[in-house]
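These notes are about the structure you will find just below.
What follows draws every value from the coordinates through simple rules; no lab data is involved. Keep in mind it's a predicted model, so treat the numbers as computed, not measured. Reconstructed Cβ throughout: ideal geometry from the backbone, glycine too, with neighbour counts over all protein chains shown.
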Amino acid sequence: MTAAGGASGTGSGLGATTAADRLVDRPLVFAHLVAAMVFLAVSLLAGFLFSMQFLQHYPLPQHEIFSPGRWRLVHTNGVAYGFLANAFLGGLYWAVPRLTLRPVLHRGLSWFLFVAWQAIVLATAVGLLAGHAQALEWGETPVWIDPVALLGLILVAVNFLVPISCLSGPMYVAIWYFIAAFVWTVLVYAMGNFLPQYFVGGAAAGAIAGLFIHDLVGLFVTPLGWGLMYYFVPVILKKPIWSHGLSLVGFWGLAFFYPLTGIHHFLYSPIPMFLQHGAVITTIAIELVVTTVIVNFFMTLSGRGDALRTSMPIRWFYTGMVFYFTTCLQCAFQTTLAFQRIIHFTDWVVGHAHLVMLGVFGFWLLGMMVYLIPRVVGTAGWYSDVLNSWHYWLTMLGTLVMFLDLLVAGVVQGYMWRELSPWDEVLAASVPFWFVRAVSGTAILIGQFLFFYNAWKTWQLRPGAAPSHAALMENMQPAAT
Amino acid sequence: MFESKAGVFLIAGLGFFALAFLVMAVLPWAIYAGEPELTVEQVAASGIVPEFVDLAERYPEQFKRAFGTVSTQTFAEALRFGHEVYVADACWHCHSQFVRPVSNEDLRWGPVSTALEYQNALQRPVLFGTRRVGPDLIREGGRRSNDWHVAHFWQPTNVVPTSVMPPYRWFFDEQGYPNKRGMSIITYVQWLGSWVKEYPYYHGEGPPSLPMAATTQSSVAHAGAGSTGGGPP
């Protein structure tokens, strides 16, 4: 905790620079966060467009580049590689130099990677809309981009692992997660994008595709997310993590069990059944590991519950953790063969995916942005705390409603299918749920645009910028974060 | 060890990943390693589906422009291109391609999927799918006529009013006849499951308008016996 303790405190003293501050390239952090917001906006709009197709009101003209199916690919890939990856990089460029007390390997390389990664994500979006998708869920990145993206991931890993390699002695928890995530992300990307395409066919490739989908969440997104939580939560609460022992259990449990579950994506498929059984058992084991991590973080919060009210980042983080526990508990049930009979292929799974990606990791990264943006821009706080509050409530309620709505929709669809209802009747029964999904998505969309507007106005308040009018200055609040 | 760089890097990062890769990927890979993976040409050589011939008879000009004549080579070409279209337009995100042994799926669609059905180049990467907004398609071949598919791709709600499938106008030429893309995707869909001998019909759907491919190749001769001509509505 010593390194993290050296980070700047909350509230006052934002203008002052600490030793760790001089190690951090603030414009780079800001650039990644802005890119994350841009891709989040595009991804959410794509998702909203796709949801309108389900109501027979798709607004775009009938042309292949506006094909709803292709925009669905932009939605999922934009979230993974545009929003999550950029926001994670922003957080890492802030946290890793503070944890290691060293700058990253090379500032020029960092900026090169920033530009290169945006080019990769844009090329992916263009490639998907032009019809160059690879038939691999969440790895639809066109095959001609895959080698470039892999090279980028390797360079990112090197950029961060070099300062980490200079550490001596036992390392803080966050660094364990970061090291593992850098190694895993490279391996997962190479495995998923190349093996099923060039080396393995048939049902065995299905096993690898399942492993890829799962590992992308479990070995890229999850460890980076938890690593950042282990950094930001103690810094903001100004108290150490409750139990170091539980941190150890959480990390090593995740590292062991998480990769062993890939096949649970294709239960009752032609993949050998004993492997499917194995994947079910390890998935349930993960829930036990997750519980230790959740207990650790809520015991850390114990005595500082007021922070949920007073600190917007903490509110985002802990809401995300409640959703994390919810989604993992759900997973322990839905992975069982009894649940699979009904819910597989239904909207239940779509609800699960939205809760994981937006409700958990999206919330953590949004909370992190709420914490970081005034600090990297150099303002005393946000332009409007009221807008921040609206952002939280619209996004949180939108996500919760979408999750519950799709959960119920999935059960309805699953049972109607089992009862051999005609397919069009199942569609008719689903429409009310799809309507609610579109409404909840709209709430999420509005929440984000309030956030983007707020960030834009905050940026205008940066030191050195000419205030557009004096009234803006009066709106400045002391930092609430 | 549990908090050191080497421990985290080697044991968690590389070791546990390798272990999982061995169990979750190499093991199934090894199990099916002995099964040959058919090329598209081998698949095509095992029997041209009658619907491909039917397309040649219904849309002679368009077919000639797109493929030339009916042959194993042009059938392979249609399958390959149809598969490309299926992937590019993300059909596989709303249509699965495997029948599970549970939830009465064999009553709805037919025989439960087996691993060997996926040992061909048109399942690389495998198209199990992830969501069933529309029905599973692995037993779709021969279930509906080419006319149905043409009308459906032009405007799905004209055929199924509650459908949420988008229209695919880029599968058609300026006159409204299916173009190469349209004929290829129809050929691909009509091929799916054509190797299965029989499957159930439900909710008043009669038997398919065309004999099934798997019966014999001679069934090709019967193809196109239905109505003639006719573009999309």
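What is the distance in Å between the Cα centres of region A:32-47 and region B:100-151? Distance between centres, Cα-based: 35 Å. If you average the C-alpha positions of region A:216-260 and of region A:164-186 separately, how far apart do those two centres end up, in angstrom? Centre-to-centre distance over Cα atoms comes out at 12 Å.
Remark: spin-label model distance B:T69-B:E198 equals 3.7 nm, labels positioned 7 Å along the Cα→Cβ axis.
The ranking of A:T283, A:T310, A:T76, B:T69 from fewest to most other beta carbons within 10 Å of each one's beta carbon is B:T69, A:T310, A:T76, A:T283. Relative to the longest principal axis of the Cα atoms of chain A, helix A:363-377 runs at roughly 30 degrees. Enumerate the amide H contacts of B:L38 below 5 Å, restricted to partners 5 or more residues apart or on another chain; note that Pro and chain-start residues carry no placed amide H. Result for B:L38 returns B:N120, B:A121. FRET efficiency for the pair A:M299 and B:E37, taken as 1/(1 + (r/R0)^6) with r the Cβ-Cβ distance and R0 = 56 Å, rounds to 0.60. Between amide H atoms placed 1.01 Å from N, distances below 5 Å from B:F172 occur with B:N179, all of them 5 or more places distant or on a separate chain. Scalar couplings 3J(HN,Hα) for region B:129-142, obtained by applying the Karplus form with A = 6.51, B = -1.76, C = 1.60 to θ = phi - 60°, are x, 9, 7, 10, 6, x, x, 4, 10, 5, 10, 7, x, x Hz; x denotes Gly and Pro. Cα centroids of region B:1-75 and region A:119-139: 19 Å apart. By the gyration tensor of its Cα atoms, with a ≥ b ≥ c the square roots of the eigenvalues, what is the shape of region B:38-222: rounded for a/c under 1.5, prolate for a/b over b/c, or oblate? In terms of gyration-tensor shape, rounded. For region A:26-163, the Cβ-based charge dipole about the Cα centre amounts to some 540 debye (Lys, Arg positive; Asp, Glu negative; other atoms uncharged). Rounded to the nearest 10 degrees, the angle from helix A:423-460 to the longest Cα principal axis of chain A is 10 degrees.
Model label sites at A:T442 and B:T114, defined 7 Å from Cα along the beta-carbon direction, differ in position by 5.1 nm.
Suppose R0 equals 51 Å; then what is the FRET efficiency for A:W111 and B:N104 from their Cβ-Cβ distance, rounded to the nearest 0.05? Given R0 = 51 Å and the Cβ-Cβ separation, E is 0.35. Computed from Cα positions, the angle between helix A:107-129 and the longest principal axis of chain A comes to roughly 30 degrees. Using R0 = 35 Å, the C-beta based FRET efficiency linking A:M273 and A:V431 works out to 0.45. Per-residue 3J(HN,Hα) values for region A:259-270, derived from phi via the Karplus relation 6.51 cos²θ - 1.76 cosθ + 1.60 with θ = phi - 60°, read x, 8, 10, x, 5, 5, 6, 10, 6, 6, 8, x Hz in sequence order (x marks Gly and Pro). Based on Cα contacts under 8 Å between residues 6+ apart, region B:38-222 shows a relative contact order of 31 percent.
For the peptides A:170-180, A:145-155, B:21-31, what is the packing order when you average, over each peptide's residues, the other Cβ atoms within 10 Å and list the highest mean first?
A:170-180, B:21-31, A:145-155
Karplus-based coupling profile of region B:79-85, in residue order and whole Hz: 4, 5, 6, x, 5, 4, 5, with θ = phi - 60° in 6.51 cos²θ - 1.76 cosθ + 1.60 and x standing for Gly or Pro.
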